[in-house]
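The values are calculated or read from the model by the stated rules, or taken from the named source; none is laboratory data. Everything numeric in this text was worked out from a predicted model, so none of it was measured. Because the Cβ atoms are built from the backbone with ideal geometry, glycine has one as well, and the counts that use them run over all protein chains shown. Side chains are part of the model used for accessible areas, which takes the heavy atoms of the whole protein and leaves out ligands, DNA and RNA. Shrake-Rupley method; radii C 1.70, N 1.55, O 1.52, S 1.80 Å.
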Amino acid sequence: MEKHPYIIGVYDDEEPLIKAAQAFKEKGVHVQEIFTPYPIHEIISIQGETSKLTVAAYIYGWIGALSILAFMYYTAVIDWPLNYGGKPVNSFPSFILVTLVFTIFFVTIMSLTTFVFRARLFPGKQVQIADPRATDDKFVMICSISGKDKNEIEDLFKQTGAIEVYEKEL
Amino acid sequence: MYKTEVRGLLIEGGKNLGDVTTDVIRPLELKAAPWWKIALMITIIMCIWGVYSIYETVTVGIGTWGVNNTVGWGWAIINFVWWIGIGHAGTAFSIFLLILRQKWRTSINRAAEAMTVVAVMCAAIFPALHMGRIWNFYFIIPYPNTRGPLWVNYNSPLFWDFLAISAYLLISASFWYLGMIPDFATIRDKTTSRIKKAIYGFFSMGWVGSQKEWIRFESLAFILGGIAAVLVVSVHSIVSTDFAVSVEPGWHTTIFPPYFVVGAIFSGFAMVMTLMIIIRKLYHLEPYITNSHLNAIAKILIFISLIMGTAYLTEIFIAWYSGNEFEIFTFFHNRITGDFTMQFWAMFIFNALVPQLLWIKKIRKNLAALFIISIIINIGMWFERFNIVITSLSKDYLPANWAPYSPTVTEIGVYVGTIGIFALGVLLFFKYVPMIAMSEVKAVMKFNKTKQ
């Protein structure tokens, strides 16, 4: 893969990072990515990141529930009705339990699959790490410098309290 | 925001973000301690006995157990319910305390979830063996076949059980693994060992901690957490229907589902307490698993113990109030008095009375006392399941059918084997997995400046 030059700013707390993200946004400097050891909701909202995974899960829930209900009705009532101790073939109360648990089962599998495909995370994936301290105790922000004023970005990093600013090809 | 000083600091010792990583990873970097190796040997011996007993059960048949026509369910079902109960702690901790916004759960949820996964696996062994012909296990899956009846019976609690346990195992394992992904990435980036970098790197699924990843991670955790909360309640309710939908005296009651769910969370929390005291002591994680954490678990245990006591008394009262002679016989002449007096009172004293000692602050601060009480609760919970299964089955409506029951060496072997598997799982967890959810602890550290 072709490598591009980036400026990396390292912060040691979340407060200056939030301020920095805000400052970059106000100045109209595009921040490529922000890596943090834990989720910071302010940053997520400044970056404008959203996820529709919950909407997908809701839809999976309906699909799971309706298909298992239809399946049980088809198998127990239409395809092969059997008399179990005189109970009605369409024993709906029993179906509710199975529907509930199967829906949970289905939503889990489908959400996991969606997550893996959408976030492109899978076992053994090789990644380029901007700064390995970002999963430990530092907060890392990277900006692409292709076609931009390098000094302006560097200054912005320093002004916002970055403890380290350096260049790296990723 | 409403602030009180009910609880102490979440993390003691003035730790910073880097210290959390160093402290949590340290046990993984060190060589195994002598006690760990000895414990591993003991658990392997227990596992070997268990595997041999399972081999005997599968090759010879259920005849190797002490069960008979009257007492068709023996230790296997007692142990199944017991393990599933213990397996409720992880989800109860992660989910309920997440919903209740309890930040103190972050130091404990990883271990509780690990315990859940191993306990549910141990539990699943028993009903599978109890089928007798385990190689025909797939008969329970509804698919078109030539056996006739074509489909499974959806009215059967055993089918509900199969579905519930499979779903529970899947969801608890995925929730546990999901939480570990960022921590595996931390180890990958921190360790100097190339082998560890490769292995933890493989399992970290290419995690880098970008905001896109975090928002999807949080969404998925929210989804899995939300549906698992429903599952925690439904799994043990379904286990209770194995009993409640039958017509045995002492089983056919509506109190069973809530009574089982609360009992499960009770034994689960007790097991979490046992494990937390061990982890804290052996790995010097006192700054993370503080006295305040143990104090909080102890308070939950008192509360659940009161519910358990109320449930026991309600059952007894209803048996008398119903005027049903079979119920009265079961509760008054076959549990409180009679052949199973010892087991009944062990259950009542261990679960409803002993935990009341936790009202005393001095006991809540005494680790040895907490440890002993947590073990006593789990023994009591085992006796509860013994009472339910054996007393009702051995003496039902027709005295001509009455039969005694005692377990055989094979049955005991399977049980010891599952304890071995559980201990083995826990030991491997100590050695190879970060015991505390680092990313979650780091996220709550900003709240550590003031007392919670």
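Here are the numbers for this structure:
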| item | result |
| --- | --- |
| Residue among B:TYR177, B:THR254, B:ASN291 farthest towards the positive dipole end of the stretch B:136-293, charges placed on Cβ | B:TYR177 |
| Calculated from backbone phi, Karplus (6.51, -1.76, 1.60) coupling profile of the stretch B:257-263 in Hz, x at Gly/Pro | x, x, 4, 6, 5, 5, x |
| Sum of -39500 (n - 2.57) over DSSP H runs of 4+, divided by residues of chain B (222 nm, nearest 500) | -21000 deg cm²/dmol |
| Net dipole in debye of the protein assembly as shown [+1 Lys, Arg Cβ; -1 Asp, Glu Cβ; about Cα centre; nearest 20] | 860 |
| Reduction of at least 30 Å² in accessible surface, 1.4 Å probe, comparing all protein chains with the chain by itself, residues of the stretch A:12-40 | A:GLU14, A:GLU33, A:PHE35, A:THR36, A:PRO37, A:TYR38, A:PRO39 |
| Listing of the stretch A:43-69 residues, each with accessible area lower by at least 40 Å² in the full protein assembly than in the chain alone (probe 1.4 Å) | A:ILE44, A:GLU49, A:SER51, A:LEU53, A:THR54 |
| Above-threshold pairs, the threshold being 29 Å between Cα atoms, out of A:LYS52/B:LYS196; A:LYS148/B:LYS190; A:LYS25/A:LYS125; A:LYS138/B:LYS197 | A:LYS52/B:LYS196; A:LYS148/B:LYS190; A:LYS25/A:LYS125 |
| Dipole-positive endmost among B:VAL20, B:GLY309, B:TRP83 within chain B (Cβ charges, Cα centre) | B:VAL20 |
| Shielding by partners, peptide B:226-233 (average Cβ within 10 angstrom, other chains) | 3 |
| Surface share of carbon and sulfur [accessible, 1.4 angstrom probe, percent] for the stretch A:53-119 | 78 |
| Å² of accessible area per residue within the stretch A:77-170, as computed with a 1.4 Å probe and no ligands counted | 54 |
| Solvent-accessible area buried by B and A, counting both chains, probe 1.4 angstrom, square angstrom | 5300 |
| Charged-residue dipole, Cβ positions (Lys, Arg, Asp, Glu), chain B about Cα centre, Debye nearest 20 | 2080 |
| Rounded percent of accessible protein surface that carbon and sulfur make up, chain B, 1.4 Å probe | 71 |
| Cα→Cβ-extended label distance, 7 Å offset, between B:LYS361 and B:SER292, nm | 1.5 |
| Estimated FRET transfer efficiency when R0 is 22 angstrom, pair A:GLU26-A:ILE163 (beta carbons, to 0.05) | 0.50 |
| Approximate spin-label separation B:SER156-A:VAL89, in nm, with each point projected 7 Å along Cα-to-Cβ | 2.0 |
| Cα shape, the protein assembly as shown, gyration tensor, a/c 1.5 rule | prolate |
| Spacing of the two label points (7 Å from each Cα toward its C-beta) at B:VAL58 and B:ASN145, in nm | 1.8 |
| 10 Å Cβ neighbours from other chains, averaged over peptide A:133-144 | 5 |
